[in-house]
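> Pasting a structure here, questions to come.
The values are calculated or read from the model by the stated rules, or taken from the named source; none is laboratory data. Because the structure is predicted, anything quoted here is derived from the model rather than measured. Note that we place each Cβ from the backbone using ideal geometry, even for glycine, and neighbour counts take in every protein chain shown. Heavy atoms of the whole protein, side chains included, go into the accessibility calculation; ligands, DNA and RNA do not. Shrake-Rupley method; radii C 1.70, N 1.55, O 1.52, S 1.80 Å.
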Amino acid sequence: MIVGLGSIIAVLVIMLIFFVLRGQNMQRELALTRQTAKTNAKKVNYAYTSLVVVTNNLQQIFVSRVEKAHQRALISEDQYGVLAILANQYSRVVMDCCEKEATVEEALIKSLKKTPLTIEEVKDIVKEFPSEVRMAWSKNTPDGFTAAMNHISQYINGKQKKSSTDQEAEAKAS
């Protein structure tokens, strides 16, 4: 009986040691996981702040290019109205896409609610531009939107070659 009681106590002591060691390991893992989460949160915060700065800077570039093209009378009043709003909404659209996992079209619809412009009017203006603009636009992603805005702002200021169909149309017109 004493041997049986001793073996039961020995088994219980071994189980106790096992659970104490297991608990300590779990605490170490938890502390490591918390530290990793803090580090990742700092990295995400830094990346988010950097994204805000970059999108604001790109927005200013796009706005100034549209304004410059309008001052030089390189774009029509209709194009200017749409492109000025697009350029001014650039940062908000990209941030909505990144924060809320929205498509560019969804983010544009949301940001255009505060303006007299509709998404159809935007699409009609985009159709007037060369294929590289339309291809980038059709991606419906922040990088496609950025590329489209860059191509548009360069195209309206004459910094990009015109497409062959545009050149042909200009040749026929003259």
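> Restricting segment 134-144 to residues that are out of contact with any Ser or Thr (no Cβ under 8 Å at 6 or more places or on another chain) and under 17 Å from Glu120 (Cβ atoms), which is least open to solvent (accessible area, probe 1.4 Å)?
Trp137
> I'd like to check something: does segment 145-165 contain any residue that is over 14 Å from Phe62 (Cα atoms), of a type outside the set (S, T, N, Q) and assigned to a helix (DSSP H, G or I)?
Checking segment 145-165: not a single residue is over 14 Å from Phe62 (Cα atoms), of a type outside the set (S, T, N, Q) and assigned to a helix (DSSP H, G or I).
> Which of the numbered conditions does Ala31 fail, given that it passes all the others? Conditions: (1) in contact (Cβ under 8 Å) with a residue 40 or more places away in the chain; (2) over 13 Å from the mean Cα position of the chain (by Cα).
With respect to (1) in contact (Cβ under 8 Å) with a residue 40 or more places away in the chain; (2) over 13 Å from the mean Cα position of the chain (by Cα), Ala31 is out only on (1).
> Something else: Among the numbered criteria (1) in contact (Cβ under 8 Å) with a residue 12 or more places away in the chain; (2) open to solvent by less than 100 Å² (accessible area, probe 1.4 Å); (3) not aliphatic (A, V, I, L, M), which one does Asp78 miss?
So Asp78 meets the others, but not (2).
> Which pairs turn up if I take residues in segment 123-143 that are on the phi > 0 side of the Ramachandran plot and look for partners that are open to solvent by 10 Å² or more (accessible area, probe 1.4 Å) with beta carbon separation below 9 Å, at least 6 apart in sequence or on another chain?
Close Cβ pairs satisfying both conditions: Asn140/Thr103; Asn140/Glu105; Asn140/Glu106.
> With the condition kept exactly as written, say whether any residue in segment 97-115 is farther than 24 Å from Asn56 by Cβ and at pLDDT below 90.
No, there is no match, as no residue in segment 97-115 is farther than 24 Å from Asn56 by Cβ and at pLDDT below 90.
> The conditions are (1) open to solvent by 30 Å² or more (accessible area, probe 1.4 Å); (2) at pLDDT 95 or above, and Tyr90 fails exactly one of them. Which is it?
(1)
> While we're on this one: Between residues in segment 37-59 that are closer than 30 Å to Ala84 by Cβ and assigned to a helix (DSSP H, G or I) and residues that are open to solvent by less than 90 Å² (accessible area, probe 1.4 Å) and aliphatic (A, V, I, L, M), which pairs lie under 6 Å by C-beta distance while being six or more apart or on different chains?
These pairs meet every condition: Thr55/Val94.
> Mind telling me which of the residues Leu112, Leu117, Leu108 ends up being in contact with a Gly (Cβ under 9 Å, 6 or more places away or on another chain), open to solvent by less than 30 Å² (accessible area, probe 1.4 Å) and not hydroxyl-bearing (Ser, Thr, Tyr)? Before the answer, list the steps.
Values: Leu112 fails: in contact with a Gly (Cβ under 9 Å, 6 or more places away or on another chain); Leu108 fails: in contact with a Gly (Cβ under 9 Å, 6 or more places away or on another chain).
One residue alone meets the criteria, Leu117.
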